[in-house]
Structure formats: C-alpha cells, structure tokens
Amino acid sequence: MLSASLASRVGDERDAIGTGLGYWWLAFGRLKEARRAFETVGHVGQRRWNLVIMADLLDDQRQAIDLLNAHGWAYNPIPFARAGLFRRANAIMQQPTAGGLGPPHHLVARGEEALARGRYKDAISQFRQGFELLKARPSAAFYVTAMSLARAWHETGDTSQEILVLEEAARTLPAYVAPGFPAAWWIKAQTHLARAYREGSRTAEAASLGHQVRKWLAHSEPSFLVQPATAQPH
C-alpha cells in the first residue's frame, strides 16, 4: 500500500515514507526495492545518507566513501569512521550534537578508528562503553557496535568474548521504532555469530543458527549479506 501511494506523497511526508520503506525492504534483503524507495526521497542529504547506511550494511566501503565524500554536514560520525574518513569523523565530533546523538556515537566512532589502527585495547574500551549506552534502545548503531567489538576481541585472540558479545546482540531484539528500522543489522549480527560458532568448532550451534538465518532470508536477493557459512566481519 505504501509503495503504491508513495508517488502521490510530497515533501517531508514522502521523504519519511520513502526512508522507512527502504529500511523495511532491507530487513527482508530486498535490495532493489530498498534502493528504489530510498531514491524517491527528495531531500538530497537524506537520500544520500540512506544510501550510505545501506552501503555500510553491505560492506561496500567504496560506495560508502564516494557518498560520504559528497555529503555535507552530518551529526553522526560513525559511518565516516567506519569508512576510514577519520578527519571528517573527528570534525563532526567537535560540532554541537543534534538529533540526540552524542557520547555513545562518539565512543563508537573513536573505537572504529582505534580498531582500524590496530589499537585493540583502546577499541574494546570505547566499543564496550558505546555498546552499553546504545543497548537500551537498540538501533542499527547498536548492532554495528556489537560486530565491531566482536571483531576487536577476535583480533586479540579472545574468541570467547567475541561470541559472548554477539550472543548478547542476538538476544537483544531491535527497537522497531528506532530510526533506520534495524532488523537487517540484527540479522547481520546473527551471521557473524554463526561464523564465530563455526570457527570455535561449535558446529551444532552454527548449523542451527545458520538454518534460522536462511529462513529469515528466504525471500532476499542472493547478494544480500553473506551466508552464515562464509560471513566475514566488516
């Protein structure tokens, strides 16, 4: 119904519906429909930002960088840090916060830079703080943080902590009223957990979770995420 009526909507209403519908399609792995919905958004900044978040979900760093380099002012430093645009991320963190973003997102952005630079102890400290602050209202940023924290633990060789973080993320259901409808990121965290189980020789748990993920993605496009058997961290 919303897809059919989108063409008749205008202004902020159209942009809000197009954005929400795009994230809804992402939750089902329907990439073409998601992109089509995002491209109906008239506000250039919002449209580009939606496509940035989609590129990050799909680990398409080149696309994310291209979009972010063309993006104007922003108040969320996390996608910039995840794309390796650390100077831009730090500049954003020096600006007054907007939209309720602030310390949790700054912690995560700093953690992403520390992780990229191999400062794993610092990354774990930043991510853990951000993880706890974001958990109360789990948006896409919460699951992004969980996967990055898990990766940092993995890099230190502590796979037990890696699994514990991903298990907690898996148990934490998305806040469906949160901006960005984060179900797709919750599912992505499951693929990382299935991989961690398998690498830890917990084959029964890996198989069970992998089966569940494939059920969730039964109607997704083949290119959506990576099958649990081969999923790799960002």
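Each value in this text was obtained by applying a stated rule to the coordinates, not by laboratory testing. What you are looking at is a predicted structure, and each value in this text was computed from that prediction instead of being measured. Note that each Cβ is placed from the backbone with ideal geometry, even for glycine, and that neighbours are counted across all protein chains shown.
Per 0.36 nm of contour for each residue apart, how much would the distance between E221 and T159 grow if the chain were fully extended, relative to their Cα-Cα spacing? Write down the numbers at each step before the final one.
Working: separation 62, 0.36 × 62 = 22.32 nm, distance 3.07 nm.
Extra length available between E221 and T159 comes to 19.3 nm.
Sorting H43, H105, H154 from the fewest to the most surrounding beta carbons within 10 angstrom yields H43, H154, H105.
Semi-axes of the equivalent ellipsoid for segment 91-176, please: Cα gyration tensor eigenvalues, times 5, square-rooted, ordered largest first, whole Å.
Those come to 21, 18, 7 Å.
Counting only Cα atoms, I'd like the Rg/Rh figure for segment 1-72, Kirkwood definition for Rh. Kindly include the intermediate steps, with their values, before the conclusion.
Working: Rg = 11.9 Å, Rh = 12.2 Å.
Expressed as Rg/Rh, it is 0.98.
Quote the FRET efficiency, to the nearest 0.05, computed for Q63 versus A91 with a Förster distance R0 of 25 Å and r equal to the Cβ-Cβ distance. List each step's numbers first, then the result.
Details: r = 22 Å, r/R0 = 0.87.
That pair, Q63 with A91, gives E of 0.70.
Relative to its Kirkwood radius, the Cα radius of gyration of segment 44-86 gives an Rg/Rh of 0.90.
Can you tell me, using C-alpha contacts under 8 Å and at least 6 residues apart, the relative contact order of the chain as a whole percent?
Values: 335 pairs, mean separation 38.7, N = 234.
Relative contact order here is 17 percent.
The mean sequence separation of alpha-carbon pairs under 8 Å and at least six residues apart, normalised by the residue count of segment 1-72, gives a relative contact order of 23 percent. The convex hull around the C-alpha trace of segment 168-220, projected and averaged over every direction, spans 3.9 square nanometres. Select from L115, L164, L193 the residue whose mean-square fluctuation is largest in a Gaussian network model of the chain (Cα-Cα springs shorter than 10 Å). In this elastic network of the chain, the residue with the biggest mean-square fluctuation among L115, L164, L193 is L164.
Of all the options A114, A136, A206, the one that moves most in a Gaussian network model of the chain with Cα springs shorter than 10 angstrom is A136.
Which FRET efficiency value, to the nearest 0.05, do you get for A70 and D122 by plugging their Cβ-Cβ distance into 1/(1 + (r/R0)^6) with R0 = 45 Å? Write down the numbers at each step before the final one.
Details: r = 31 Å, r/R0 = 0.68.
FRET efficiency, A70 to D122: 0.90.
When you work out D = kT/(6 pi eta Rh) for segment 53-134 at 37 °C and 0.692 mPa s, using the Kirkwood radius from C-alpha pairs as Rh and the Stokes-Einstein form, the result is 257 µm²/s.
When the Cα atoms of the chain are aligned to their principal axes, the ranges along those axes come out at 53, 43, 31 Å in descending order. Note on segment 135-234: semi-axes of the ellipsoid equivalent to its C-alpha gyration tensor, largest first and rounded to whole Å, are 20, 18, 11.
Among E167, E33, E205, the largest mean-square fluctuation in a Gaussian network model of the chain, built with springs joining Cα atoms closer than 10 Å, belongs to E205.
Once the piece of chain linking E168 and E39 is laid out straight, how much longer is it, given 0.36 nm per residue of separation minus the C-alpha distance between them?
Numbers: separation 129, 0.36 × 129 = 46.44 nm, distance 3.42 nm.
Answer, rounded to one decimal: 43.0 nm.
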